[in-house]
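A short worksheet on the structure shown next.
The values are calculated or read from the model by the stated rules, or taken from the named source; none is laboratory data. This is a predicted model, so every value here is computed, not measured. Glycine gets a Cβ as well: all are built from the backbone with ideal geometry, and neighbour counts include every protein chain shown. Accessible surface areas use protein heavy atoms only, side chains included; no ligands, DNA or RNA. Shrake-Rupley method; radii C 1.70, N 1.55, O 1.52, S 1.80 Å.
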Amino acid sequence: MEDSERLRQYYSEHTLVVIMTQLREGCLHPVTPLYAEFDYPRPPNHEEYVGWFGVHVQLPSNTPGI
């Protein structure tokens with residue numbers, strides 16, 4: 001994997017985790033996405049994705065989104 005691809009993956013993960021944390025802390029009701037899909041190969045820390053997003057996580061996916 002190229003360094004630029006790893007950096008994109010890191011920033012994607014970081015940004016989405018920060019957004020989910022802010023939503024969970026700031027909302028009165030639980031906030032959980034219906035799904036999370038990523039267009040890069042399954043990383044070594046893929047188990048952490050369930051804790052971060054609490055949903056069905058697809059790694060990799062042809063249609064990334066949350």
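In the range 1-17, how many residues are part of a helix (DSSP H, G or I) and farther than 14 Å from Glu48 by Cα? Can you show your working first?
As a first pass, look at the range 1-17 and keep what is part of a helix (DSSP H, G or I): 3-17.
In the following step, the residues that additionally are farther than 14 Å from Glu48 by Cα were identified as 3-9, 11-12, 15.
Number satisfying all stated conditions: 10.
If you go through the range 1-8 one residue at a time, do you hit one that is touching a residue at least 40 places away in the same chain (Cβ under 8 Å), in contact with a helix residue (DSSP H, G or I) (Cβ under 9 Å, 6 or more places away or on another chain) and surrounded by fewer than 12 Cβ atoms within 10 Å (Cβ to Cβ)?
Step one: filter the range 1-8 for residues touching a residue at least 40 places away in the same chain (Cβ under 8 Å), giving 1.
From what's left, in contact with a helix residue (DSSP H, G or I) (Cβ under 9 Å, 6 or more places away or on another chain): 1.
Adding the requirement that they be surrounded by fewer than 12 Cβ atoms within 10 Å (Cβ to Cβ) leaves 1.
Yes: the range 1-8 contains one or more residues that are touching a residue at least 40 places away in the same chain (Cβ under 8 Å), in contact with a helix residue (DSSP H, G or I) (Cβ under 9 Å, 6 or more places away or on another chain) and surrounded by fewer than 12 Cβ atoms within 10 Å (Cβ to Cβ).
Mind listing just one residue for me: the one in the range 23-64 that is surrounded by fewer than 12 Cβ atoms within 10 Å (Cβ to Cβ) and at pLDDT below 80 and, of those, nearest to the chain's Cα centre (by Cα)?
Result: Pro60.
Pull out all pairs, ordered by first then second residue, where Cβ-Cβ is under 7 Å, the residues are six or more apart or on different chains, the first lies in the range 38-50 and is among the hydrophobic types (A, V, I, L, M, F, W, C), and the second is part of a loop (DSSP other than H, G, I, E, B) and open to solvent by 50 Å² or more (accessible area, probe 1.4 Å).
Listed pairs, sorted by first residue: Phe38/Pro60; Phe38/Pro64.
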